[in-house]
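Values quoted throughout were computed directly from the atomic coordinates according to the rules given, and no laboratory measurement underlies them. Everything quoted here is computed from the prediction, not taken from an experiment. Every residue, glycine among them, receives a Cβ derived from its backbone with ideal geometry; neighbour counts consider all protein chains shown.
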Protein chains: 2
Amino acid sequence: MDTRDADRLSPRDREILRDIIVTYVLSAEPVSSRSVAKQGRLGLSAATIRNVMADLEEWGYLVQPHTSAGRVPTPAAYHMFIESMMQARKLPARERRYIEENLASTPADADELIAIASHLLSELSQQVSIVVAPAIGDTVLKAVDFVSVAERKVLCVVVSQAGFVDNRMIETEEEIPRQELTRISNYLTQNFAGHTLRDIRDRLLRQMTEERLQVDNLLARTIELAREGLALDSRPEVLVDGASALLARPELADIQRVRRMFEAFTDKARLVRMLNGCIQGGGVRVLIGDDSDLTSELDFSLVASAYRVGDQPLGTLGIFGPSRMDYQKIIPLVHYLGHALSRALSDKVAGARRIDQLP
Amino acid sequence: MDTRDADRLSPRDREILRDIIVTYVLSAEPVSSRSVAKQGRLGLSAATIRNVMADLEEWGYLVQPHTSAGRVPTPAAYHMFIESMMQARKLPARERRYIEENLASTPADADELIAIASHLLSELSQQVSIVVAPAIGDTVLKAVDFVSVAERKVLCVVVSQAGFVDNRMIETEEEIPRQELTRISNYLTQNFAGHTLRDIRDRLLRQMTEERLQVDNLLARTIELAREGLALDSRPEVLVDGASALLARPELADIQRVRRMFEAFTDKARLVRMLNGCIQGGGVRVLIGDDSDLTSELDFSLVASAYRVGDQPLGTLGIFGPSRMDYQKIIPLVHYLGHALSRALSDKVAGARRIDQLP
DNA sequence: CCTTAGCACTCTCGCGTGGAGAGTGCCAAC
DNA sequence: GTTGGCACTCTCCACGCGAGAGTGCTAAGG
């Protein structure tokens with residue numbers, strides 16, 4: 001099988017390949033020459049189509065499950081379809097409005113926004129959605145707050161500029177009075193807002209070694225609390241939604257595949273790795289079949305896009321499902337939702353900026 | 001089929017029924033008279049066993065999938081097994097230790113403890129675990145804190161006495177300075193700690209109507225923030241874990257059942273209703289098959305227990321899986337984990353009490 | 001009266017067979 | 001280059017058959 005460039009295919013070849021893909025995406029069954037001919041778009045006989053299909057198979061765009069079955073598109077075919085055979089339709093106005101309404105609904109915090117986005121994605125696509133929340137270490141601090149919860153137990157609340165909230169319970173060596181906690185909260189918020197947690201931790205570590213011996217009590221406590229409270233581990237969090245809708249699809253008739261699919265969803269670390277591979281560069285990235293171990297193993301595809309605040313990418317969102325997927329619909333959806341989520345998060349930052357400039 | 005009391009069965013009948021249940025739980029296949037006879041525990045021939053099995057079927061403890069298949073226990077059989085044929089084994093020391101280690105690990109907040117409990121439950125049982133977090137309205141307030149996040153956006157952090165943390169973003173009508181937020185936080189915490197959110201909301205409403213016109217500015221703001229921040233809706237939250245392990249079981253060979261199962265897990269409201277039915281009364285509750293719509297539809301069982309702090313039940317935790325379940329192992333597990341989680345949460349309260357008594 | 005061996009009966013399951021149908025590949029004609 | 005025709009291949013399904021498993025019943029024995 002010698003694959004060749006897209007432009008080696010004659011326009012007629014491309015038309016036929018396109019028809020096959022579209023038909024297959026709808027029917028989930030191998031496409032026969034006859035069914036393409038019957039559509040009549042090209043005015044060709046089944047025999048002619050058969051010749052072309054034989055070529056397309058030779059070039060690696062089609063395969064047959066067995067002799068005397070119809071043909072099925074390969075990942076290469078989907079790639080070509082996406083790159084040059086698909087008009088990128090806009091998302092229907094109804095769905096845009098639906099998304100906007102849901103994202104704008106409440107003064108939600110960022111975590112809620114992400115959950116909503118995940119749900120929208122799976123609901124509108126009837127596929128499994130995956131959203132990766134930002135790694136806490138890369139987020140920009142907006143505010144820290146310490147709340148006394150029990151003797152020697154303090155709850156640390158970290159709010160990122162994009163509106164993500166993280167709670168962490170920490171145990172202190174000695175009881176710290178409430179007033180002092182307030183002072184420490186204010187001190188840290190005023191001095192470190194606008195920096196990433198990673199930066200802050202590094203600065204605190206330096207400060208600690210420099211002033212190790214002559215630190216006063218308050219500063220020591222501040223540093224202790226900040227180190228514990230601003231630790232970097234817990235995230236990234238992964239939200240998976242819509243798995244049950246996927247079970248209705250015909251390609252998941254056998255349990256073993258379903259099971260592998262669920263194991264894939266459970267292995268969050270692997271999902272994060274795969275999705276983060278898509279984060280660089282704007283726009284929508286598509287992984288199909290053998291592009292990655294996870295997708296090839298299941299014959300699945302991933303359509304993903306980063307969401308960002310300003311120019312900083314925060315996380316990724318995408319759809320994971322059988323390669324036979326309505327890319328004409330899914331790609332605009334992921335694209336739009338990536339932007340919509342970015343916008344919704346940026347609105348928060350705009351609010352945050354405004355308050356930063358107050359006296 | 002005339003069901004009869006447990007004690008109407010002769011000891012031998014009970015022995016045979018017991019053997020059948022135990023065998024079926026292991027093998028997942030209808031149990032034949034011959035296989036019971038071959039175990040030789042009773043020294044009876046297959047023919048005798050057959051006679052007894054015919055009786056047991058007539059009384060509603062067994063069914064055959066078809067003539068000339070072995071027999072399968074009914075929900076009634078499982079009930080009897082649990083009530084009077086099973087020695088309640090203690091949970092193995094290894095597993096106890098494992099649970100304790102995991103629950104004691106960090107100064108985790110209560111939400112984390114619940115997530116850990118859910119995971120332990122599914123890991124140790126290889127079944128699906130379900131944990132219902134407390135409805136926020138019933139939790140006892142430990143502390144409230146307001147954090148300024150953006151202009152007119154305030155994050156409200158609510159900590160319950162058991163250590164549950166809830167965040168809620170609220171939008172205020174006008175900008176509130178940070179100092180004032182601190183004062184409001186302190187005021188609310190000092191005046192309302194120890195009451196349920198439901199109480200607090202009622203008291204605030206009364207206060208509002210009483211003083212509607214002559215309230216000063218600060219009090220008005222306090223009430224506004226408290227009403228928004230202490231609203232009762234968001235929870236209860238439901239954690240479901242371990243679904244993929246369940247897919248390995250032979251009874252889930254057909255997709256439709258798997259799908260219904262997942263739809264059941266997605267319908268959280270229904271899960272909550274079912275689990276909360278188990279909350280009253282101490283100890284472990286078991287629903288089997290036709291006890292409830294959800295379990296009968298799938299031929300599933302639910303083994304559930306409440307967890308509590310002091311004498312107040314907070315939520316429920318349990319295992320949901322095919323009725324063919326190793327109750328001898330699952331029941332002690334749920335029992336133990338219910339107590340372990342209660343204890344872990346109570347330790348927090350103890351800490352909270354101690355700090356309350358400080359000057 | 002309970003137990004047991006024996007036996008006929010029933011139902012499932014696996015297997016092979018055979019025909020229908022779908023689809024292809026190739027060839028010859030246009 | 002296109003098309004109709006035709007032989008070939010492969011899947012799928014229905015059918016039948018036999019083996020096996022398990023039962024229910026009966027009759028004999030303790």
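Checked against a 31 Å cut-off, the cross-linked pairs A:Lys268/B:Lys90; A:Lys142/B:Lys268; A:Lys153/B:Lys90; A:Lys90/A:Lys142; A:Lys268/A:Lys329 give Cα-Cα distances beyond that limit for A:Lys268/B:Lys90; A:Lys142/B:Lys268; A:Lys153/B:Lys90; A:Lys90/A:Lys142. With label points defined 7 Å past Cα in the direction of Cβ, position A:Arg249 shows copy-to-copy spacings of 2.6 nm, given to one decimal and shortest first. In segment A:125-264, Rg over Rh equals 1.19, where Rg is the alpha-carbon radius of gyration and Rh the Kirkwood radius from pairwise Cα distances. Under the convention that each Lys and Arg Cβ holds +1 and each Asp and Glu Cβ holds -1, the size of the dipole of chain A around its Cα centre is about 1100 debye.
Taking a point 7 Å out from the Cα of A:Asp199 in the direction of its Cβ, the residues of segment A:281-315 whose backbone N falls within less than 20 Å of it are A:308-315. Kirkwood's formula applied to the C-alpha pairs of segment A:32-174 gives a hydrodynamic radius of 20.9 angstrom.
D by Stokes-Einstein for chain A, Kirkwood Rh over Cα pairs, 20 °C, 1.002 mPa s: 92 µm²/s. Over all other residues within a Cβ to Cβ distance under 11 Å of B:Gly338, the charged ones net out to +3, with Lys and Arg as +1 and Asp and Glu as -1.
Within segment B:306-329, name every residue whose backbone N is under 14 Å away from a label modeled 7 Å from Cα of B:His339 along the Cβ vector. Backbone N within reach: B:306-308. Loop-located chymotrypsin sites (Phe, Trp or Tyr not before Pro) in segment A:131-203 (DSSP state other than H, G, I, E, B) with a sparse environment of at most 16 neighbouring Cβ atoms within 10 Å are absent. When chain B is treated as a GNM with alpha-carbon contacts under 10 Å, the residue of B:Pro30, B:Pro250, B:Pro236 showing the greatest mean-square fluctuation is B:Pro250.
Under 5 Å from the amide H of A:Leu141 lie the amide H atoms of A:Gln161, A:Gly194, A:His195, A:Thr196, A:Leu197, each residue being 5 or more positions distant or on a separate chain, with H modelled from the backbone and absent for Pro and chain starts. Charge dipole (Cα centre; +1 on Lys/Arg Cβ, -1 on Asp/Glu Cβ; no other charges) of the protein assembly as shown amounts to roughly 840 debye.
Would you work out which of B:Gly163, B:Gln190, B:Leu230 lies farthest towards the positive end of the dipole of chain B, given +1 charges on the beta-carbon of Lys and Arg and -1 on that of Asp and Glu, about the Cα centre? After comparing all options, I get B:Gly163. Sorted shortest first, the separations between the B:Glu173 label point and its copies elsewhere in the assembly read 4.9 nm; each point sits 7 Å from Cα along the Cα-to-Cβ line. Applying the criteria of a DSSP loop state and at most 14 other Cβ atoms within 10 Å to the trypsin sites (Lys or Arg not before Pro) of segment B:70-163 yields B:Arg89, B:Lys90.
Under a 5 Å amide H cut-off, with hydrogens placed 1.01 Å from N, A:Arg308 pairs with A:Leu314, A:Ser342 among residues at least 5 apart or on other chains. Estimated from the Cβ-Cβ distance and a Förster radius of 51 angstrom, the FRET efficiency linking B:Arg34 and B:Tyr98 is about 0.80. Within the protein assembly as shown, the proportion of Cα pairs with more than 53 Å between them is 24 percent.
Modelled this way, with points 7 Å down the Cα-to-C-beta line, the labels at A:Ala54 and B:Glu173 are 8.1 nm from one another.
For A:Arg41, the distances from its label point to the matching points in the remaining copies are 6.7 nm, ordered from shortest, with each point set 7 Å beyond Cα toward Cβ.
In order along segment A:89-104, phi translates into HN-Hα couplings of 4, 7, 5, x, 4, 4, 6, 4, 4, 4, 4, 4, 4, 5, 6, 8 Hz, rounded to whole numbers, per the Karplus curve 6.51 cos²θ - 1.76 cosθ + 1.60 with θ = phi - 60° and x for Gly and Pro. With point charges of +1 on the Cβ of Lys and Arg and -1 on the Cβ of Asp and Glu, referenced to the Cα centre of segment B:91-182, which listed residue (B:Leu113, B:Leu181, B:Ile136) lies farthest in the positive direction of the dipole? With unit charges placed on the Cβ atoms, the residue in question is B:Leu113. On a 0 to 90° scale, report how tilted helix A:327-356 is relative to the longest principal axis of chain A, with both axes built from alpha carbons and the result rounded to the nearest 10. So the helix axis and the longest Cα principal axis differ by about 20 degrees.
Checking every one of the trypsin sites (Lys or Arg not before Pro) in segment B:251-349 against DSSP loop status and a limit of 13 other Cβ atoms within 10 Å picks out no site at all. Our helix-only sum for the protein assembly as shown, with -39,500 (n - 2.57) per DSSP H run of n ≥ 4 divided by its residues, gives a mean residue ellipticity at 222 nm of -15000 deg cm²/dmol.
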